[in-house]
Amino acid sequence: MFKIGLCQMMGSKDKEESRAKARAMVSEAAKNGAQVVALPEMWNCPYANEYFRPYAEPEDGPSVEFLSNLARELDIYLIGGSISELSDNKVYNTSYSFDRSGNLIGKHRKVHLFDIAVKNGIRFMESETLSPGDKSTVIDTEYCKIGVAICYDVRFPELSRKMALEGAKLIVLPAAFNMTTGPAHWDLTMRARALDNQVYFAAVSPARDMKGVYRAYGSSCIATPWGEFLAKADEKETIVYGDIDLDYEDSIRQQLPLLKHRREEVY
Ligand SMILES: O=C(O)CCC(=O)C(=O)O
């Protein structure tokens with residue numbers, strides 16, 4: 001059993017301010033006993049194509065160093081939301097994860113780019129500026145294996161299934177759904193990925209900024225292997241906590257052995 005804390009933070013256009021906010025919220029989560037803490041998608045960059053390249057940093061840039069130091073100082077596992085990464089002149093939406101000593105133990109580049117145009121709703125074309133990653137990501141911790149994916153990645157059940165089959169007991173999703181697809185699909189999708197893989201599924205959004213360039217749906221949440229919400233936020237800045245009970249997960253998997261009943265030869 002361990003405690004996770006999801007920091008539903010309000011980012012800023014000013015990177016220094018975003019770092020200060022992240023430091024304050026991650027520190028509070030650690031003080032309140034969270035051993036694994038997560039930040040949202042693009043926590044230090046406004047969520048719009050025009051900002052991704054100017055805000056992008058290489059892996060040896062200040063934001064990765066900041067996250068590593070924070071994990072070490074607070075003695076926690078930190079899933080560092082996502083930031084804009086610059087590599088070989090390409091820009092990626094990338095999540096870095098750290099152990100208690102601040103070592104980088106995982107790097108996930110968003111695999112599925114968010115290119116959608118919903119009638120009378122949102123249009124967003126991440127592929128205008130971002131390049132996709134090409135790997136799934138499962139990190140090893142002293143508690144369990146943790147899968148990491150980013151936002152739109154949640155819509156592709158194959159990715160979560162792959163991580164579950166690789167042993168992930170918890171999947172953490174830095175995400176920033178919007179006010180069109182959030183109300184329609186957020187709850188359902190997070191609970192479905194938890195239920196169909198019998199994992200804990202934790203999604204961490206930015207808080208909703210009514211003055212910002214993007215209105216995030218908020219609603220950071222933890223769904224259980226039984227498909228229920230253990231905890232869920234509204235749209236305001238807050239920290240969501242939950243106890244990840246691996247014995248409970250095992251017992252669900254024993255009582256309802258979905259993963260064992262798969263018939264891969266049929267499909
Ligand atoms: O899938 C959605 O509806 C939202 C996805 C998104 O906002 C993202 O990938 O950043």
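The values are calculated or read from the model by the stated rules, or taken from the named source; none is laboratory data. In this text, all values refer to a predicted model and were calculated from it rather than measured experimentally. Cβ: placed from backbone, ideal geometry, glycine included. Neighbour counts: every protein chain shown. Keep in mind that these areas ignore ligands, DNA and RNA; they rest on the heavy atoms of the full protein, side chains included. Shrake-Rupley method; radii C 1.70, N 1.55, O 1.52, S 1.80 Å.
If the elastic network links every pair of Cα atoms under 10 Å, which of 256, 130, 86 fluctuates the most in the Gaussian network model of the chain?
Looking only at 256, 130, 86, the largest GNM fluctuation is found for 256.
Sum up the charges of everything whose Cβ sits under 13 Å from the Cβ of residue 157, counting Lys and Arg as +1 and Asp and Glu as -1, but leave residue 157 out. Could the numbers behind the result be given before it?
Working: positive: 155, 161, 162, 191, 193, 262; negative: 153, 158, 196.
Summing Lys and Arg as +1 and Asp and Glu as -1 gives +3.
Assuming R0 = 30 Å, what is the FRET efficiency of residue 88 and residue 16, from their Cβ-Cβ distance, to the nearest 0.05? Please list the in-between numbers first.
Details: r = 27 Å, r/R0 = 0.90.
So the FRET efficiency works out to roughly 0.65.
Quick one: Karplus J couplings for region 170-178, per residue in order, coefficients 6.51, -1.76, 1.60, θ = phi - 60°, nearest Hz, x for Gly and Pro?
Listing the rounded values in order: 9, 10, 10, 10, x, 8, 8, 5, 10 Hz.
Once you have a ≥ b ≥ c as the square roots of the Cα gyration tensor eigenvalues for region 164-267, tell me rounded if a/c is under 1.5, and otherwise prolate or oblate according to whether a/b is larger than b/c.
On the way: a/c = 3.00, a/b = 1.91, b/c = 1.57.
Cα axes put region 164-267 in the prolate bin.
Quick one: Karplus J couplings for region 91-108, per residue in order, coefficients 6.51, -1.76, 1.60, θ = phi - 60°, nearest Hz, x for Gly and Pro?
Result, rounded to whole Hz: 10, 10, 9, 10, 10, 10, 10, 9, 8, 5, 9, x, 6, 6, 10, x, 9, 10.
Suppose all protein chains stay in the model; what accessible area per residue would a 1.4 Å probe give for region 60-180, in Å²?
Numbers: 4860 Å² over 121 residues.
That works out to 40 Å² for each residue.
Cα gyration tensor of region 1-40, axes a ≥ b ≥ c as square roots of the eigenvalues: rounded (a/c below 1.5), prolate (a/b > b/c) or oblate? Please list the in-between numbers first.
On the way: a/c = 3.74, a/b = 2.35, b/c = 1.59.
Prolate.
Just check region 2-255 against the gyration tensor rule for me: Cα atoms, a ≥ b ≥ c as the square roots of the eigenvalues, rounded for a/c under 1.5, and otherwise prolate or oblate depending on whether a/b exceeds b/c. Don't skip to the end; give the middle numbers.
Details: a/c = 1.40, a/b = 1.16, b/c = 1.20.
Rounded shape, in that the Cα axes give a/c under 1.5.
Could you give the size of the charge dipole of the chain about its Cα centre, using +1 on the Cβ of each K and R and -1 on the Cβ of each D and E, expressed in debye and rounded to the nearest 20?
On the way: 33 positive and 38 negative charges, 106 e Å.
With Lys and Arg at +1 and Asp and Glu at -1, about 500 debye.
Given a 10 angstrom Cα cut-off, can you work out which residue in 213, 138, 64 is the most mobile in a GNM of the chain?
213
I'd like the accessible area for residue 122, computed on protein heavy atoms only with a 1.4 Å probe and all protein chains in place. Round to 10 Å², please.
That residue has around 20 Å² of solvent-accessible surface.
So what is the 222 nm mean residue ellipticity for the chain from helices alone, if each DSSP H run of at least 4 adds -39500 (n - 2.57) and you divide by all residues, rounding to the nearest 500 deg cm²/dmol?
Numbers: 6 runs with 73 residues, N = 267.
Calculated at 222 nm, the ellipticity per residue is -8500 deg cm²/dmol.
I'd like the chymotrypsin sites (Phe, Trp or Tyr not before Pro) in region 63-113 restricted to DSSP loop residues with at most 13 other Cβ atoms within 10 Å, sorted by number. Could you put the intermediate results ahead of the total?
On the way: sites: 66, 77, 92, 96, 98; in loops: none.
Qualifying residues, ordered by number: none.
Amide H of residue 137: which non-local residues (sequence gap of 5 or more, or other chain) have their own amide H closer than 5 Å, using H built in the peptide plane?
148
Return the whole-Å distance between the Cα centroid of region 203-267 and the Cα centroid of region 29-46.
That distance is 15 Å.
Can you work out ³J(HN,Hα) from phi for every residue in region 216-230, in order, using Karplus 6.51 cos²θ - 1.76 cosθ + 1.60 and θ = phi - 60°, giving whole Hz and x for Gly and Pro?
6, 6, x, 6, 3, 7, 10, 9, 8, x, 8, x, 9, 7, 8
Take residue 243 and residue 50, extend 7 Å from each Cα along the Cα→Cβ direction, and tell me the distance between the two endpoints in nm.
Reported label-point gap for residue 243 and residue 50 is 4.9 nm.
Within the chain, which DSSP H helices have Cα atoms that stretch 15 Å or more along the helix axis and a mean Kyte-Doolittle hydropathy of at least 0.0?
Values: long enough: 15-31 (24 Å, -1.04); 62-74 (18 Å, 0.15); 181-197 (22 Å, -0.71).
Flagged H segments are 62-74.
Based on DSSP loop calls and a cut-off of at most 11 other Cβ atoms within 10 Å, the longest stretch of the chain free of exposed trypsin sites (Lys or Arg not before Pro) is what?
Values: sites that count: 119, 135, 211, 236, 260, 263.
No qualifying site falls inside 1-118, the longest such stretch.
Given a 1.4 angstrom probe, I'd like the percentage of the accessible area of the chain that is carbon and sulfur, rounded to a whole number.
Values: 5580 of 11520 Å².
Taking all protein chains in place, the chain shows 48 percent carbon and sulfur surface.
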